[in-house]
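Inspection log for the structure reproduced underneath, given as structure tokens.
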């Protein structure tokens with residue numbers, strides 16, 4: 001009985017060892033050279049795809065930045081007879097005007113700055129100025145400035161050759177300050193939305209000259 005039990009245990013041990021050995025051989029045989037080469041090629045392909053996508057996104061960002069427009073509203077020569085309210089493009093690409101909105105304190109909304117000035121200025125105010133309209137679709141090239149509102153002085157009159165300076169009432173510092181107050185009313189909001197050649201959009205206003213990107 002003892003011998004039979006010992007022999008039985010030995011046979012069980014040999015059978016178990018043989019099974020484990022077969023399993024090990026099967027597992028070891030699964031990773032042959034061809035499969036290792038195939039797996040390596042798959043990993044390389046995935047890494048190449050990741051690098052390609054990254055480079056494509058990087059190139060796209062570089063292209064967008066190479067034509068980035070940066071519009072800014074500015075008061076120039078305030079407190080003088082040469083005062084002007086201008087819009088400049090400090091970017092490296094052209095800007096396309098998408099919309100213009102001026103909200104006044106009287107709940108009126110205008111689509112151009114000159115319309116706001118004309119409605120706000122009193123009949124008793126004698127201010128001689130030149131203006132440039134800002135319409136939807138207007139192109140503002142890089143490094144270009146547009147004087148949206150500008151006081152007319154003698155030099156401008158002579159350069160234009162339209163009328164004689166003797167026939168036009170001259171601006172005074174009071175009229176210059178009045179125009180400045182109209183264009184810098186704290187209760188007046190200007191919102192200009194513009195886009196780049198790639199269709200990216202930003203907005204600027206008279207209370208902040210930092211362009212806000214519109215997603």
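The values are calculated or read from the model by the stated rules, or taken from the named source; none is laboratory data. Predicted model only: the values in this text are computed from it and were never measured. Please note: Cβ atoms are built from the backbone with ideal geometry, for glycine as well, and neighbour counts cover all protein chains shown.
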- Item | Among residues of the stretch 133-161, those that are exposed (fewer than 15 other Cβ atoms within 10 Å of the Cβ), modelled with pLDDT of 85 or more and touching a helix residue (DSSP H, G or I) at 6+ places or on another chain (Cβ under 9 Å), counted | 1
- Message: Please go through the stretch 47-72 and give me each residue that is out of contact with any strand residue (DSSP E or B) (no Cβ under 6 Å at 6 or more places or on another chain) and closer than 30 Å to residue 156 by Cβ, ordered by number.
- Response: 70
- Determine whether the stretch 108-126 contains at least one residue that is within 18 Å of residue 75 (Cβ to Cβ), assigned by TED's automatic domain parsing to the domain that holds residue 185 and part of a strand (DSSP E or B). no
- Query: Has the stretch 91-99 got at least one residue that is within 13 Å of the chain's Cα centre (by Cα), surrounded by fewer than 15 Cβ atoms within 10 Å (Cβ to Cβ), free of Cβ contacts under 8 Å to residues at least 40 places away in the same chain and part of a loop (DSSP other than H, G, I, E, B)?
  - Reply: no
- Tally time: how many residues in the stretch 112-137 are closer than 17 Å to residue 85 by Cβ and without any contact (Cβ under 8 Å) to a residue 12 or more places away in the chain? 1
- Could you check, for the stretch 162-176, whether at least one of its residues is modelled with pLDDT under 95, closer than 25 Å to residue 81 by Cα and part of a strand (DSSP E or B)? no
- Query: Is it true that some residue in the stretch 50-72 is at pLDDT 85 or above and assigned to a strand (DSSP E or B)?
  - Reply: yes
- residue 24 surrounded by 10 or more Cβ atoms within 10 Å (Cβ to Cβ), at pLDDT below 75 and out of contact with any helix residue (DSSP H, G or I) (no Cβ under 9 Å at 6 or more places or on another chain): yes
- Item | Breaking point among (1) crowded, with 17+ Cβ neighbours inside 10 Å; (2) part of a loop (DSSP other than H, G, I, E, B), for residue 85 | (2)
- Query: If you go through the stretch 180-201 one residue at a time, do you hit one that is in contact with a helix residue (DSSP H, G or I) (Cβ under 6 Å, 6 or more places away or on another chain), closer than 19 Å to residue 149 by Cα and in contact (Cβ under 8 Å) with a residue 40 or more places away in the chain?
  - Reply: yes
